[in-house]
1. Nearest 10 degrees is fine. How inclined is helix 72-88 to the longest principal axis of the chain, computing both from alpha carbons?
2. Could you size up the charge dipole of the chain around its Cα centre, putting +1 on the beta carbon of Lys and Arg and -1 on that of Asp and Glu, and report it in debye to the nearest 20?
3. For the chain, which longest stretch is free of loop sites, where a loop site is one of the GluC sites (Glu not before Pro) that DSSP puts outside H, G, I, E and B and that has at most 16 other Cβ atoms within 10 Å?
4. Do you know the relative contact order of the stretch 79-171, to the nearest whole percent, from alpha carbon pairs under 8 angstrom that are 6+ apart?
5. Which of THR11, THR40, THR163 moves most in a GNM of the chain, Cα contacts under 10 Å?
6. Report the extension gain between GLU52 and ASP168 in nm, rounded to one decimal, defined as 0.36 nm multiplied by the number of residues separating them, less their alpha carbon distance.
7. Say a site is exposed when it is one of the trypsin sites (Lys or Arg not before Pro), sits in a DSSP loop, and has at most 13 other Cβ atoms within 10 Å; what is then the longest site-free stretch of the chain?
8. Quick one: compute the contact order of the stretch 12-90, relative version, from alpha carbon pairs under 8 angstrom and 6+ residues apart, as a percent.
Amino acid sequence: MRPGTSIAIETSCRQGGLALGLDDQLARVVAFDAASRHATTLVARLKSLLEEAALRPTELAELYVSIGPGSFTGVRVGVTVARTLAQVAPDLRCVAVPTALAVAHRAAQMEWRHLAVILDARGGGVHASLFARQGEEIVPAGEPMVATAEEFLAAAPRPLLLTGEGLDYHPITGPEITSVAPAMRLPTAECVWHVGRQMAAGGQFTDYRRLLPIYVRDPCFRAKQGL
């Protein structure tokens with residue numbers, strides 16, 4: 001293991017990516033089309049990234065992986081590769097990064113009082129996560145909810161800044177509501193790395209055997225919608 005080396009994996013949306021960190025500096029970011037969701041593509045990109053940095057998998061100290069909610073297959077592929085890498089490198093410490101938190105991090109430099117990350121929950125619903133600022137960090141403000149867009153709006157605080165890929169499927173508007181530009185709504189490997197680095201500094205590591213994807217599942221909502 002080489003202290004200070006870290007890798008981030010993002011495969012929860014259509015734009016996949018990897019990020020390599022050396023100590024507190026982001027050294028390299030690689031983006032790729034993750035639409036096919038093939039594990040072989042991710043492994044090949046990871047292999048190339050490490051070779052270019054003259055690193056072996058066993059030299060990595062920390063791994064940060066986006067665990068969802070997101071694409072069912074994409075999240076599963078990312079977590080599976082992370083767990084496999086951790087088995088190859090037994091000293092590797094893993095951080096499970098909630099995808100919504102990585103998306104929220106993209107709005108870190110914007111002005112807002114309340115922030116919500118909106119993801120598609122299928123069946124006409126949204127998966128909404130509220131965030132607040134705590135010093136220089138962005139932290140969850142309550143538990144995520146799966147509901148209709150109308151139900152979410154009725155319960156959400158104001159003024160509210162919206163982001164997240166779900167806005168592409170569920171346009172949400174109203175008084176005191178603004179949305180980030182579409183190009184800023186997706187998670188990136190860079191954001192996963194930054195969030196993972198913060199979580200690691202707080203000791204929020206997860207045993208690789210407990211790395212599990214977060215899926216959007218709400219039986220009550222689905223039953224209510226007749227699904």
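1. Rounded to the nearest ten degrees, it is 30.
2. Here the size comes out at about 560 debye.
3. Longest site-free region, per DSSP loop and neighbour criteria: 1-110.
4. Relative contact order, the stretch 79-171: 29 percent.
5. Of THR11, THR40, THR163, the Gaussian network model singles out THR40 as fluctuating most.
6. Separation in residues times 0.36 nm, less the Cα-Cα distance, equals 38.1 nm.
7. 1-112
8. Relative contact order of the stretch 12-90: 33 percent.
Any read-out appearing in this document is the output of simple, stated calculations on the displayed coordinates, not a laboratory observation. Treat the numbers as computed from the prediction; the structure is a model and nothing was measured. Cβ sites come from the backbone with ideal geometry, for glycine too, and all protein chains shown count toward neighbours.
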